[in-house]
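Comments concern the structure below.
The values are calculated or read from the model by the stated rules, or taken from the named source; none is laboratory data. Note that the structure is predicted; figures quoted are calculated from it, not measured. Here Cβ is always computed from backbone atoms with ideal geometry, including for glycine, and neighbour counts include all displayed protein chains.
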């Protein structure tokens, strides 16, 4: 995409803001710039990526009815990485609330989890990986979702009739390995491919006022693909393979004065591979630092995977240490910083996220990722030159 076309599209989105706001839409338009200071390891990769995005939400309650409609479209335009230029409905659902029940049908977004550094139990939605390496951004999931409130908590039921494939950076993008991922040739264990009907269930509740517990079960197509090498053509490439899995999950959080104790644990059964994985730790908050409104939280979480060095993730025996600084001021300024430390090797990585409101409608955000002394056996070793700094300026309406 030419730079002139990119900025014309950005200007067009900005001109839409008054119209969308007047029609009852709420959301933001953001300009983003990402810079990679180190030379790329693989051909065609770029060093700087201007981008823009828009995410808006419209909720329409039907008159004299228990029904409402929610529409949340998302758009991303990246000046270089064509795979990152994409659109999605984060939500497009009809909602019914009646007595002790709530129902959703359509595209939904659900979050499960309590820990800071990784979310093991969060399995309903597929990761929108081109958005960010941290896995926090999700694609909308086709679903029928029922929520039944009980005295002790809630029961949730999910029927998931359509599968969303994971997004991956393109050949011009960073944060990838030497071979591109051919998402157009995805393989599935199920003969129904992306139409396999998945199911999920969750029970959650709060006990003794300070213990939040969630138990979950999922059966269906894994959201985590296995990347298989295909060398049959002129150019080798990786093909994503999506196996069928069964997963049991536990998320637990205890609030004890200044302490938050957190745990996420799963048991996953998939072809030729059954394993346990856990992440757990604490956050201790110092309130009113130096007689100010600011709070400082200290975080520590341990990651374990029973597959050890055979795990396809970097979290098999690792420690996360970080801090959260919230000024609690009118601008909602906050900083989250931390590092991952491999307890078997010398590998380390660092991450900083910061944000601050500007006036009533603007927000500036910054993000920095550093890969430090990655071991050649680490799954993240191909990213060793992909340290980056990202700035975003968003206009809310």
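Kindly indicate whether any position in the range 247-268 is farther than 30 Å from residue 296 by Cβ and part of a loop (DSSP other than H, G, I, E, B). Give the steps one after another, and end with the answer.
As a first pass, look at the range 247-268 and keep what is farther than 30 Å from residue 296 by Cβ: 247-249, 266-268.
Add one more test, that the residue is part of a loop (DSSP other than H, G, I, E, B), and what stays is none.
Within the range 247-268 (the criterion being farther than 30 Å from residue 296 by Cβ and part of a loop (DSSP other than H, G, I, E, B)), the answer is no, since none of the residues qualifies.
Which of the residues belonging to the range 343-361 are at pLDDT below 95 and surrounded by 17 or more Cβ atoms within 10 Å (Cβ to Cβ)?
Across the range 343-361, the qualifying residues are 345, 347.
Look through 157, 163 and report the one residue that is in contact with a helix residue (DSSP H, G or I) (Cβ under 6 Å, 6 or more places away or on another chain) and modelled with pLDDT of 95 or more. First the steps, then the outcome.
Values: 157 fails: in contact with a helix residue (DSSP H, G or I) (Cβ under 6 Å, 6 or more places away or on another chain).
One residue alone meets the criteria, 163.
Scan the range 48-73 residue by residue and report those that are in a strand (DSSP E or B) and over 18 Å from residue 104 (Cβ atoms). Quick ask: steps written out before the conclusion?
Initial filter on the range 48-73 (in a strand (DSSP E or B)): 48-61, 67-73.
Correct list: 48, 49, 50, 51, 52, 53, 54, 55, 56.
Scanning for something modelled with pLDDT under 95 and over 17 Å from residue 142 (Cα atoms), does the range 101-119 turn up at least one residue?
Filtering the range 101-119 down to residues modelled with pLDDT under 95 leaves none.
No.
If you go through the range 354-397, how many residues are farther than 30 Å from residue 308 by Cα, in contact with a helix residue (DSSP H, G or I) (Cβ under 8 Å, 6 or more places away or on another chain) and part of a strand (DSSP E or B)?
1
Being touching a helix residue (DSSP H, G or I) at 6+ places or on another chain (Cβ under 9 Å), at negative phi and crowded, with 19+ Cβ neighbours inside 10 Å, is that true of even one residue in the range 241-251?
First, the residues of the range 241-251 that are touching a helix residue (DSSP H, G or I) at 6+ places or on another chain (Cβ under 9 Å): 242.
Those still in the list that are at negative phi too: 242.
Retained after the next criterion (residues that are crowded, with 19+ Cβ neighbours inside 10 Å): 242.
Yes, the range 241-251 contains a residue that is touching a helix residue (DSSP H, G or I) at 6+ places or on another chain (Cβ under 9 Å), at negative phi and crowded, with 19+ Cβ neighbours inside 10 Å.
Which numbered condition trips up residue 214, out of (1) surrounded by fewer than 17 Cβ atoms within 10 Å (Cβ to Cβ); (2) not in a loop (DSSP other than H, G, I, E, B)?
Just one mismatch for residue 214, condition (1).
If I ask for residues that are in contact with a strand residue (DSSP E or B) (Cβ under 7 Å, 6 or more places away or on another chain) and farther than 16 Å from residue 116 by Cβ, which ones from the range 248-257 would you list?
Within the range 248-257, the subset in contact with a strand residue (DSSP E or B) (Cβ under 7 Å, 6 or more places away or on another chain) is 248-254.
Within the range 248-257, 248, 249, 250 qualify.
Of the numbered conditions (1) at pLDDT 85 or above; (2) over 30 Å from residue 94 (Cα atoms); (3) out of contact with any helix residue (DSSP H, G or I) (no Cβ under 7 Å at 6 or more places or on another chain), residue 9 fails exactly one; give the number of that condition.
Only one criterion in (1) at pLDDT 85 or above; (2) over 30 Å from residue 94 (Cα atoms); (3) out of contact with any helix residue (DSSP H, G or I) (no Cβ under 7 Å at 6 or more places or on another chain) is unmet by residue 9, namely (1).
Is there a residue being under 24 Å from residue 238 (Cα atoms) and part of a strand (DSSP E or B) anywhere in the range 123-142?
yes
For the range 138-151, state whether one or more residues are free of Cβ contacts under 8 Å to residues at least 60 places away in the same chain, surrounded by fewer than 21 Cβ atoms within 10 Å (Cβ to Cβ) and within 23 Å of residue 267 (Cα to Cα).
Taking every residue of the range 138-151 in turn, at least one turns out to be free of Cβ contacts under 8 Å to residues at least 60 places away in the same chain, surrounded by fewer than 21 Cβ atoms within 10 Å (Cβ to Cβ) and within 23 Å of residue 267 (Cα to Cα).
Please list, ordered by first then second residue, the pairs with beta carbon atoms under 7 Å, 6 or more apart or interchain, first in the range 320-339 and within 9 Å of residue 355 (Cβ to Cβ), second buried (at least 16 other Cβ atoms within 10 Å of the Cβ) and modelled with pLDDT under 95.
Close Cβ pairs satisfying both conditions: none exist.
Only one residue in 180, 236 is in contact with a strand residue (DSSP E or B) (Cβ under 9 Å, 6 or more places away or on another chain), surrounded by fewer than 16 Cβ atoms within 10 Å (Cβ to Cβ) and over 30 Å from residue 321 (Cα atoms), so which one is that?
Details: 180 fails: surrounded by fewer than 16 Cβ atoms within 10 Å (Cβ to Cβ).
So the residue among 180, 236 that is in contact with a strand residue (DSSP E or B) (Cβ under 9 Å, 6 or more places away or on another chain), surrounded by fewer than 16 Cβ atoms within 10 Å (Cβ to Cβ) and over 30 Å from residue 321 (Cα atoms) is 236.
Give the number of residues within the range 380-392 that are farther than 15 Å from residue 48 by Cα and surrounded by fewer than 16 Cβ atoms within 10 Å (Cβ to Cβ). Reasoning before the result, please.
Of all residues in the range 380-392, those farther than 15 Å from residue 48 by Cα come to 380-384.
With the extra rule that they be surrounded by fewer than 16 Cβ atoms within 10 Å (Cβ to Cβ), the set shrinks to 381.
Residues that pass the stated criteria total 1.
Which of the residues belonging to the range 340-353 are more than 19 Å from residue 363 (Cα to Cα) and free of Cβ contacts under 8 Å to residues at least 24 places away in the same chain?
Initially, the range 340-353 is screened for residues more than 19 Å from residue 363 (Cα to Cα), giving 340-351.
Listed by number, the residues that qualify are 341, 350.
Go through the range 93-116 and count every residue that is crowded, with 17+ Cβ neighbours inside 10 Å and in a strand (DSSP E or B).
Here the count works out to 8.
In the range 81-91, which residue that is part of a loop (DSSP other than H, G, I, E, B) and surrounded by fewer than 21 Cβ atoms within 10 Å (Cβ to Cβ) is farthest from the chain's Cα centre (by Cα)? It would help to see each step written out before you state the result.
Let us first name the residues in the range 81-91 that are part of a loop (DSSP other than H, G, I, E, B), namely 81-85.
Restricting the remaining residues to those that are surrounded by fewer than 21 Cβ atoms within 10 Å (Cβ to Cβ) gives 82-83, 85.
On the way: 82: 20, 83: 17, 85: 17 Å.
Among those residues, the one meeting the criterion is 82.
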